[in-house]
């Protein structure tokens, strides 16, 4: 059974997103109109997918992402917002979301974003991906230039939303080797977690 939670304070969004999710095989769809309801529904329903708006009557959707990931381990979070600025997309990914989609996107792009979540991948439309790739303007020596070929390849695949195990399988090495490489990347690029590595990969177009 495919389950989803749609968090938005506009009934029309629930209607449209619910219809598209049902077309994609979701037969257990729940709704929340605000942050409080969202946390309660997430804990009670344990959905595999959360479609989350940024602006809610009683809170900021971005600030909820970490709590939702704790409440529902393994869930996928797609931020779905009227705020189409690249900065919001970057903040959503950095906060732990697995994708960002504008409410102005056509239905087929919504379907594409959901399929990416089901495949364990991250989703950004080309506009946001390209913009993120040009946002970062570093000074001095470029840390990316100091990466080994393997480190660059691992970073590239992290940027594509691949899991460490999937990367290990693709490269024909052990999970431990990829995990050690990701740890080295975090140190060299001065980031704390996998989302930080993905953000750099997207921003720099690795």
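The values are calculated or read from the model by the stated rules, or taken from the named source; none is laboratory data. Please read these numbers as outputs of a predicted model, since none were measured by experiment. Note that each Cβ is placed from the backbone with ideal geometry, even for glycine, and that neighbours are counted across all protein chains shown.
Quick notes on this one:
To keep it simple, each residue is scored yes or no on (1) within 25 Å of residue 202 (Cβ to Cβ); (2) touching a residue at least 40 places away in the same chain (Cβ under 8 Å).
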residue	(1), (2)
37	no, no
69	yes, no
73	yes, no
93	yes, yes
108	yes, no
116	yes, yes
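- Test: residue in the stretch 73-88 that is part of a loop (DSSP other than H, G, I, E, B) and crowded, with 19+ Cβ neighbours inside 10 Å: yes
- Unmet requirement for residue 144, which otherwise passes all of (1) modelled with pLDDT of 90 or more; (2) on the phi < 0 side of the Ramachandran plot: (1)
A quick yes/no check of all residues on (1) touching a helix residue (DSSP H, G or I) at 6+ places or on another chain (Cβ under 9 Å); (2) outside the structural domain of residue 100 (by TED's automatic domain parsing); (3) closer than 20 Å to residue 100 by Cα:
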| residue | (1), (2), (3) |
| --- | --- |
| 8 | yes, no, yes |
| 14 | no, no, yes |
| 20 | yes, no, yes |
| 28 | yes, no, no |
| 33 | yes, no, yes |
| 36 | no, no, no |
| 43 | yes, no, no |
| 46 | yes, no, no |
| 50 | yes, no, yes |
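- Looking only at the stretch 49-67, and only at residues there that are in contact (Cβ under 8 Å) with a residue 40 or more places away in the chain and part of a loop (DSSP other than H, G, I, E, B), the one that is farthest from residue 36 (Cα to Cα): 53
Quick grid of which residues meet (1) modelled with pLDDT of 90 or more; (2) in contact with a helix residue (DSSP H, G or I) (Cβ under 9 Å, 6 or more places away or on another chain):
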residue: 101; (1), (2): yes, yes
residue: 167; (1), (2): yes, yes
residue: 187; (1), (2): no, no
residue: 191; (1), (2): no, yes
residue: 194; (1), (2): no, yes
